[in-house]
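Engineer: Below is a structure I'd like to ask you about.
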């Protein structure tokens, strides 16, 4: 479904099928890269499923989809600017498709919003960042797999460095007034997410 969704999306802006295939191959290559365990095509599939459930609540579905496909396209655990680089590549590819600049800028802003997951004045952005965090509110077994995959992505760091850093990330989330900004995701995942974060924190 992921590939078909991307192809259908891009085909709304170009009839050049070789370009459509080329752009999908690039997405597939990035998300299947060596060292990726969580930020993979599987993550995109899960995110797409979350968003499909709330599609009627979203104002700009096309922009949301572009954000979905490009928000983690660049991911290097040694670099602090993955969101900026991902937004940059998204903008480049969307300009290539001659997509209106208003949509491009909205997409780039949504990608950058995944860096901090703070409240946005744009409700579509809040729905996207909430969907991106939905893994935190899954049952403990699924959350534990997520946490394990994140640890594998940071395998370059020994526990002595990783654990304090991971604790800071968890504490950042736990210090938020609420993890999920929209009523839909708050009601569905907030309680379990807080419980999961506290449990992982206690295990480090």
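The values are calculated or read from the model by the stated rules, or taken from the named source; none is laboratory data. These numbers were taken from a predicted model, which means no experiment stands behind them. Neighbour counts run over all protein chains shown; Cβ positions are idealised from the backbone, glycine included.
Engineer: Could you run through the stretch 97-118 and say how many residues are over 30 Å from residue 11 (Cα atoms) and either without any contact (Cβ under 8 Å) to a residue 12 or more places away in the chain or out of contact with any helix residue (DSSP H, G or I) (no Cβ under 7 Å at 6 or more places or on another chain) (or both)?
Structural biologist: Narrowing the stretch 97-118 to residues over 30 Å from residue 11 (Cα atoms): 116-118.
After this cut, where a residue has to be either without any contact (Cβ under 8 Å) to a residue 12 or more places away in the chain or out of contact with any helix residue (DSSP H, G or I) (no Cβ under 7 Å at 6 or more places or on another chain) (or both) as well, the list is 116, 118.
Residues meeting the conditions: 2.
Engineer: Sticking with this structure for a sec: Quick one: in the stretch 170-204, which of the residues that are in a helix (DSSP H, G or I) and modelled with pLDDT under 95 is nearest to the chain's Cα centre (by Cα)? Before you say what the answer is, go through the steps one by one.
Structural biologist: Within the stretch 170-204, the subset in a helix (DSSP H, G or I) is 170-174, 183-203.
Cutting the leftovers down to modelled with pLDDT under 95 gives us 172-173.
Values: 172: 18, 173: 16 Å.
Among residues in the stretch 170-204 that are in a helix (DSSP H, G or I) and modelled with pLDDT under 95, the one nearest to the chain's Cα centre (by Cα) is 173.
Engineer: Please work out if residue 79 is within 29 Å of residue 144 (Cα to Cα), out of contact with any helix residue (DSSP H, G or I) (no Cβ under 7 Å at 6 or more places or on another chain) and surrounded by 13 or more Cβ atoms within 10 Å (Cβ to Cβ). Give the steps one after another, and end with the answer.
Structural biologist: Details: within 29 Å of residue 144 (Cα to Cα): yes; out of contact with any helix residue (DSSP H, G or I) (no Cβ under 7 Å at 6 or more places or on another chain): yes; surrounded by 13 or more Cβ atoms within 10 Å (Cβ to Cβ): no.
So residue 79 fails the test.
Engineer: May I ask you to say which residue of 145, 150, 135 is over 21 Å from residue 9 (Cβ atoms), at pLDDT 95 or above and crowded, with 20+ Cβ neighbours inside 10 Å?
Structural biologist: Checking each option against the conditions leaves just 135.
Engineer: Picking from 47, 57, 41, which residue would you name as being touching a helix residue (DSSP H, G or I) at 6+ places or on another chain (Cβ under 7 Å), buried (at least 19 other Cβ atoms within 10 Å of the Cβ) and on the phi < 0 side of the Ramachandran plot?
Structural biologist: On the way: 57 fails: buried (at least 19 other Cβ atoms within 10 Å of the Cβ); 41 fails: buried (at least 19 other Cβ atoms within 10 Å of the Cβ).
Only one candidate passes the filter, namely 47.
Engineer: Considering only residues that are touching a helix residue (DSSP H, G or I) at 6+ places or on another chain (Cβ under 8 Å) and modelled with pLDDT of 95 or more, look in the stretch 1-11 and name the one that is farthest from residue 148 (Cα to Cα).
Structural biologist: Here is the first cut: in the stretch 1-11, the ones touching a helix residue (DSSP H, G or I) at 6+ places or on another chain (Cβ under 8 Å) are 1-3, 5-7, 9-11.
Subset that is modelled with pLDDT of 95 or more: 2-3, 5-7, 9-11.
Numbers: 2: 24, 3: 26, 5: 29, 6: 28, 7: 32, 9: 33, 10: 34, 11: 37 Å.
Taking the candidates together, the pick is 11.
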